[in-house]
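Peer 1: To start, I am sharing the structure in question, which I have written as structure tokens.
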Amino acid sequence: MRAADIVAKASDVLRKYPLCDSCLGRLFGMRGYSLVNAERGRALKTLLLMEAYDAVRSEWDEELLHVLAASGFEPARLTLEKLKIAPPARRPCYLCRGLMEKVKELAEMCVEAGEEYEYETFQVGCMMPRELMRREEDLWTAYGLEASESLKSELTREVGKLVQELTGKRYSPKKPDLLFILDLEEWRVNASARPLFIYGRYRKLVRGLPQSPWPYPPDSRVLYATSIEELITEPMIEATRARDAKLHAAGREDLDVRTLGNGRPFIAELKDPKVRNLDLRTLERMINEEAGGLIEVEGLRYVDGKLVPRLKAFAEIAKKTYVARVRFGRPIRDDELRMLEREMTNAVVRQRTPLRVLGRRPDKVRRKVVYELKAERLSEWEARLIITCQGGLYVKELIHGDEGRTQPSVASLLNTSVEVVELDVTWIEEPPFIAELASS
């Protein structure tokens, strides 16, 4: 489109719709470089004024002068006054309804909304009234405008530039610390912070403590009115002044199972945190002190939220070591324990979904690996089993057989019933992507 065609199209639009400088310029927003839309619009109105008024020939286009003056173009109003013609009252912009004149007010509202947040980068979003969006799209279609920019795009950009100037913070469309949402219908600004993700490992030091808040009716197996998630995340919520938190753990242990040794990997997600920069060692101490010996955490560090699904996926294959104290249905000889060690070393186990979780999990067969089993006699009737296996294997069922749903099992190999008296997790493999972070 040639410059003359752009001016002609601007004239056609203005003769029907009053537009402010920004909205007129935005119709041709993809034309030119290093220009703001208000400059484009004012330049077009200036050219139209030059076309509407010729002082040399004393000729003027009164209709076009009225159109320009009604759009808020001051030189056109002054020209009409010079010609002793009463200028028209300014009409509100058809597209933005005056929004582009309130950029400073919106920016100041953003600054105020962000005062309680700690942030270095931000982004501005917008909830546009449907009517304004429909008007804009209809006008583009009616006049065949293919190089336009949307009101939403310009408004958020211009507000963002001013917020950056007022605060010294950096506008960043990629992973901003803080997001401002302009709610134009309610005329307010909502601020929300990008979640914080903190990796660590926890040790569960007692039995009867659930991993998540207990949502079921009272159960005699639940010995504490709290959970691992609450013990870890509540001090984090307090320290970050977050709205809420979620614990993403690499697997879970049963209520009656402890997690000792190097602990279970987890990532805590802090939602809408107002404080982002924490002394994680101090936070670690705070969690451990407030937990009162129920759990311990260590190795806290900031990570990217994209590691959450990777952590959960890794839990299904990670190597884990368990120590179980078991009681047999008959006296067991030493040679039987040695046979058990041989048969369960590098064994592939076919495990159908255990009966105890069948109502919550789909009924299917999983193949998991037992890398090593060591048996230490405690008496004729009892032994300590040290089992290193693949993540996702139900170890209790590996031991007692689950009525034949797990094959092979300790019970099937010894041809006797086996009761799990106590079970602990003593080692869980470190996710390789976390080890890479530690070495970088």
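The values are calculated or read from the model by the stated rules, or taken from the named source; none is laboratory data. Given the structure is predicted, the values throughout are model-derived calculations rather than measurements. Cβ placement follows ideal geometry from the backbone for every residue including glycine, while neighbour counts extend to all protein chains displayed.
Peer 1: Any residue that is surrounded by fewer than 18 Cβ atoms within 10 Å (Cβ to Cβ) and in contact with a Gly (Cβ under 8 Å, 6 or more places away or on another chain) - is there at least one of those in the range 23-33?
Peer 2: To start, the set of residues in the range 23-33 that are surrounded by fewer than 18 Cβ atoms within 10 Å (Cβ to Cβ) comprises 30-33.
Within this subset, residues satisfying the condition of being in contact with a Gly (Cβ under 8 Å, 6 or more places away or on another chain) are none.
The answer is no; no qualifying residue exists.
Peer 1: Right, here's the next one. Would you mind listing the helices (runs of 4 or more DSSP H) fully within the range 365-440 where at least 1 residues are of a type in the set (Ser, Thr, Tyr)?
Peer 2: 410-414, 432-439
Peer 1: Within the set of pairs 6+ apart or on separate chains, which have a first residue in the range 79-93 that is within 11 Å of His66 (Cα to Cα), a second that is exposed (fewer than 15 other Cβ atoms within 10 Å of the Cβ), and C-beta atoms under 7 Å apart?
Peer 2: If the second residue must be exposed (fewer than 15 other Cβ atoms within 10 Å of the Cβ), the pairs left are Ile85/Glu62; Pro87/Glu81.
Peer 1: Which one is nearest to Thr156 (Cα to Cα) among residues in the range 43-59 that are of a type outside the set (Asp, Glu) and surrounded by fewer than 18 Cβ atoms within 10 Å (Cβ to Cβ)?
Peer 2: The qualifying residue nearest to Thr156 (Cα to Cα) is Thr46.
Peer 1: Let me ask you something else. Is there a residue being at pLDDT below 95 and either assigned by TED's automatic domain parsing to the domain that holds His248 or aliphatic (A, V, I, L, M) (or both) anywhere in the range 373-384?
Peer 2: So far as the range 373-384 goes, no, none of its residues is at pLDDT below 95 and either assigned by TED's automatic domain parsing to the domain that holds His248 or aliphatic (A, V, I, L, M) (or both).
Peer 1: Which count do you get for residues in the range 197-213 that are assigned to a strand (DSSP E or B) and either in contact with a Gly (Cβ under 9 Å, 6 or more places away or on another chain) or without any contact (Cβ under 8 Å) to a residue 12 or more places away in the chain (or both)?
Peer 2: 7
Peer 1: Any idea which of (1) modelled with pLDDT of 95 or more; (2) over 30 Å from Arg377 (Cβ atoms) is the one Tyr322 doesn't satisfy?
Peer 2: For Tyr322, the exception is condition (2).
Peer 1: If you go through the range 71-93, how many residues are assigned to a loop (DSSP other than H, G, I, E, B) and under 57 Å from the mean Cα position of the chain (by Cα)?
Peer 2: Residues flagged as assigned to a loop (DSSP other than H, G, I, E, B) and under 57 Å from the mean Cα position of the chain (by Cα) within the range 71-93 amount to 10.
Peer 1: Here's a follow-up. When the range 139-187 is examined, which residues are found to be among the basic types (Lys, Arg) and touching a helix residue (DSSP H, G or I) at 6+ places or on another chain (Cβ under 8 Å)?
Peer 2: Lys152, Lys169, Arg170
Peer 1: Identify all residues within the range 209-233 that are of a type in the set (D, E, K, R) and closer than 20 Å to Val303 by Cβ; write none if there are none.
Peer 2: Within the range 209-233, the first condition is being of a type in the set (D, E, K, R), and the residues that meet it are 219, 221, 229-230.
Glu229 - this is the single residue of the range 209-233 that is of a type in the set (D, E, K, R) and closer than 20 Å to Val303 by Cβ.
Peer 1: Just checking, does the range 357-365 include any residue being closer than 22 Å to Glu422 by Cα, in the same structural domain as Ser417 (by TED's automatic domain parsing) and either touching a Phe, Trp or Tyr at 6+ places or on another chain (Cβ under 9 Å) or without any contact (Cβ under 8 Å) to a residue 12 or more places away in the chain (or both)?
Peer 2: Taking the range 357-365 as the starting set, the residues that turn out to be closer than 22 Å to Glu422 by Cα are 357.
Within this subset, residues satisfying the condition of being in the same structural domain as Ser417 (by TED's automatic domain parsing) are 357.
This time we only want the ones that are either touching a Phe, Trp or Tyr at 6+ places or on another chain (Cβ under 9 Å) or without any contact (Cβ under 8 Å) to a residue 12 or more places away in the chain (or both), so: 357.
Scanning the range 357-365 turns up at least one residue that is closer than 22 Å to Glu422 by Cα, in the same structural domain as Ser417 (by TED's automatic domain parsing) and either touching a Phe, Trp or Tyr at 6+ places or on another chain (Cβ under 9 Å) or without any contact (Cβ under 8 Å) to a residue 12 or more places away in the chain (or both).
Peer 1: On to the next question. Restricting attention to the range 252-279, which residues are surrounded by 18 or more Cβ atoms within 10 Å (Cβ to Cβ) and not in a loop (DSSP other than H, G, I, E, B)?
Peer 2: Those that are surrounded by 18 or more Cβ atoms within 10 Å (Cβ to Cβ) and not in a loop (DSSP other than H, G, I, E, B): Val257, Arg258, Thr259, Gly263, Arg264, Pro265, Phe266, Ile267, Ala268, Glu269, Leu270.
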